[in-house]
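Presented below is the structure to which this report refers.
The values are calculated or read from the model by the stated rules, or taken from the named source; none is laboratory data. Note that this is a predicted model, so its numbers are computed, not measured. All Cβ positions, even for glycine, are placed from backbone atoms using ideal geometry, and neighbour counts span all protein chains on display. When the accessible area is computed, the model is the full protein with side chains, heavy atoms only, and any ligands, DNA or RNA have been set aside. Shrake-Rupley method; radii C 1.70, N 1.55, O 1.52, S 1.80 Å.
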Amino acid sequence: MGTDVNNGVKRVLFLGGESSGKTTLSRVCAGYFNTTWIPEYGRQYGEQHDQEYTKESLHHTASTQRKMEDAYASLLDIMFCDTNELVASFYAREWYNDPTIEIPDLRLYHRIYVLRNDFPFVQDGSRQGIEFSTKQYMYYVSYLDHEGIDYIELSGTIGQRLDTVVRTIQ
């Protein structure tokens, strides 16, 4: 994988189940590399709408996530993405049997990391549980494998995960 077509920015994507450390790692990596991170819009949407999602709102969160990412692509050398449309696609399939959320060509990412569920699960009031988180993880790995997309699995502490990102980002 390499830089994408948006002025050479290195997009780095974190995928994983709920409470796998994506947001924390996105923030830590952005700090380490002195850049920004793109938060998960679906979480913001849920907080603003009492965790009520419809099929239409999942399509909205997917397209807004892409717009947020694209807005920064021309401004940065590297950016860390705390999720992408694949996550909204999982929820739409799981909750509404809706396979219609468009997933971009994931080859546009410089690196994709899939975070293992080896953190203690933290319930923040919006999460489904460890079984659901494991189902998400398996969906992402299965999708990436099926599409022939390279990814690196991350496990361990945030420090260990950061070390792996730093070693493999170039």
Query raised in the report: Taking amide hydrogens as modeled 1.01 Å from N in the peptide plane, which residues meet the under 5 Å criterion relative to Ile78, leaving out close sequence neighbours?
Result: Lys10
Report summary line: segment 60-98 and segment 141-170 have their Cα centres apart by a whole-number Å value of 18
Requested in this report: Pop out the ³J(HN,Hα) list for segment 55-65 in order, Karplus 6.51 cos²θ - 1.76 cosθ + 1.60 with θ = phi - 60°, rounded to Hz; leave Gly and Pro as x.
Outcome: 4, 5, 5, 5, 5, 4, 5, 5, 5, 5, 4
Query raised in the report: Cα to Cα, under 29 Å, and not fewer than 8 places away if on the same chain: which lysines meet these conditions relative to Lys10?
Result: Lys22, Lys67, Lys135
Query raised in the report: By accessible area of protein heavy atoms, probe 1.4 Å, what ranking do Lys10, Lys67, Lys135, Lys22 get, highest first?
Result: Lys67, Lys135, Lys10, Lys22
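Could you compute the FRET efficiency for Tyr32 and Tyr96, with r as their C-beta to C-beta distance and R0 at 30 Å, rounded to 0.05? Don't jump to the answer; show the numbers that get you there.
Numbers: r = 38 Å, r/R0 = 1.26.
With a Förster radius of 30 Å, E is 0.20.
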Requested in this report: Mind computing the radius of gyration and Dmax over the alpha-carbon atoms of the chain? Å is fine for both.
Outcome: 15.0, 40
Query raised in the report: Add -39500 (n - 2.57) for each DSSP H run of 4 or more in the chain, then divide by its residues: what number comes out at 222 nm, to the nearest 500 deg cm²/dmol?
Result: -15000 deg cm²/dmol
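How large is the charge dipole for segment 15-170, taken about the Cα centre, if only the Cβ atoms of Lys, Arg (+1) and Asp, Glu (-1) carry charge, to the nearest 20 debye? Before the final figure, lay out the partial values.
Working: 14 positive and 23 negative charges, 72 e Å.
For segment 15-170, the charge dipole is close to 340 debye.
Roughly speaking, what is the stretch gain from Arg167 to Asp70, that is 0.36 nm per residue apart minus the C-alpha to C-alpha distance, in nm to one decimal? List each step's numbers first, then the result.
Numbers: separation 97, 0.36 × 97 = 34.92 nm, distance 2.58 nm.
Full extension from Arg167 to Asp70 adds 32.3 nm.
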Report summary line: Judged on accessible area alone, 1.4 Å probe, highest first, Met68, Met79, Met138 line up as Met138, Met68, Met79
